[in-house]
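The values are calculated or read from the model by the stated rules, or taken from the named source; none is laboratory data. Just so it is clear, the model here is predicted, and its values are computed rather than measured. Ideal geometry is used to build each Cβ from the backbone, glycine not excepted, and the neighbour counts take in all protein chains shown. We work out accessible area using only protein heavy atoms, side chains counted, and drop any ligands, DNA or RNA first. Shrake-Rupley method; radii C 1.70, N 1.55, O 1.52, S 1.80 Å.
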Amino acid sequence: MSDRRAARPLVSITPADAGQRISLRRRLPTGEYSDVVGVLESWSGRLLRVRRRHGEVVEVPEDIVVAAKVVPPAPPPRRPRT
């Protein structure tokens, strides 16, 4: 008999992480999962606002977040090839 334990996703961010770059996984109504990476603009009430790298703001209800963490800043853009 093996003792296999499933890893449990962890939400390790708080409203105090506003301004930090985060990665979060949310559960969609279809049962699928979707990731959002960007800067946590705000977390007020039960709604997280995350600004993605191209400026789009995604609003994520707190109750559908299954995992989240602070991640390092995005790498600088690559130089175009000549």
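How many of the residues making up the range 60-76 are exposed (fewer than 11 other Cβ atoms within 10 Å of the Cβ) and either in contact with a Pro (Cβ under 7 Å, 6 or more places away or on another chain) or in contact (Cβ under 8 Å) with a residue 12 or more places away in the chain (or both)?
Within the range 60-76, residues that are exposed (fewer than 11 other Cβ atoms within 10 Å of the Cβ) and either in contact with a Pro (Cβ under 7 Å, 6 or more places away or on another chain) or in contact (Cβ under 8 Å) with a residue 12 or more places away in the chain (or both) number 3.
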key: Filter result (open to solvent by 50 Å² or more (accessible area, probe 1.4 Å), more than 19 Å from residue 75 (Cβ to Cβ) and among the charged types (D, E, K, R)) within the range 26-56   = 27, 32, 41, 46, 49, 56
